[in-house]
1. Under 7 Å between Cβ atoms, at least 6 apart or on separate chains: pull out the pairs that start in segment 120-133 with a residue that is open to solvent by 60 Å² or more (accessible area, probe 1.4 Å) and end on any residue that is at pLDDT below 65 and outside any helix (DSSP H, G or I).
2. His84 passes all but one of (1) under 15 Å from Leu34 (Cα atoms); (2) under 12 Å from the mean Cα position of the chain (by Cα); which number fails?
3. In segment 38-46, is there at least one residue being modelled with pLDDT under 95 and over 17 Å from Glu126 (Cα atoms)?
4. Can you tell me how many residues in segment 71-91 are hydrophobic (A, V, I, L, M, F, W, C), more than 15 Å from Asp30 (Cα to Cα) and in contact with a strand residue (DSSP E or B) (Cβ under 6 Å, 6 or more places away or on another chain)?
5. Just for helices (runs of 4 or more DSSP H) wholly inside segment 1-118: which have at least 1 residues that are surrounded by 12 or more Cβ atoms within 10 Å (Cβ to Cβ) and touching a residue at least 40 places away in the same chain (Cβ under 8 Å)?
Amino acid sequence: LPGVPLKVAWVGLGDQGTTLLKNAPAADLDVRVLCDVDPGQTERATQVLTGRGRPKPAVTQDFAEVLTKHDVEAVVIATPLWTHADLTVAALEAGKHVFCEKMMAWDTAGVRRMLAAQKKSGKVLEVGHHRFASPLY
């Protein structure tokens with residue numbers, strides 16, 4: 001809905017995930033959950049959010065837990081490339097919208113699985129090719 005922030009979970013908080021998080025507009029995105037296998041990454045990301053006056057999110061190392069959160073509408077996936085297809089398909093099957101960082105998947109079979117899951121779920125799947133929209137590039 002216009003004017004209502006989308007409730008999101010952030011999965012993968014390395015350099016790219018944290019860069020995306022730093023640039024996430026608070027008016028549009030309500031970060032509810034941070035998920036990374038490295039607790040140091042989630043701690044750093046929590047500090048990014050709270051340092052900007054945003055609420056402290058829940059933290060988990062378990063992606064499956066993210067998918068059970070009823071207050072999460074969408075998932076941002078910024079994990080290593082070889083995990084993109086599996087995580088995206090699982091999120092779409094759980095009824096979540098997905099923003100997946102580029103590259104879309106490790107191979108064309110993964111891309112096909114992602115597209116089939118998106119079509120079946122009817123949810124939005126966006127891939128982070130931001131530079132295509134920039135006149136600079």
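1. So the pair list comes out as Arg131/Tyr137.
2. (1)
3. no
4. Of the residues in segment 71-91, 4 are hydrophobic (A, V, I, L, M, F, W, C), more than 15 Å from Asp30 (Cα to Cα) and in contact with a strand residue (DSSP E or B) (Cβ under 6 Å, 6 or more places away or on another chain).
5. So the answer is 15-22, 63-67, 84-93.
The values are calculated or read from the model by the stated rules, or taken from the named source; none is laboratory data. Note that this is a predicted model, so its numbers are computed, not measured. All Cβ positions, even for glycine, are placed from backbone atoms using ideal geometry, and neighbour counts span all protein chains on display. Ligands, DNA and RNA are stripped out before the accessible areas are found, and what is left, the full protein with its side chains, is counted by its heavy atoms. Shrake-Rupley method; radii C 1.70, N 1.55, O 1.52, S 1.80 Å.
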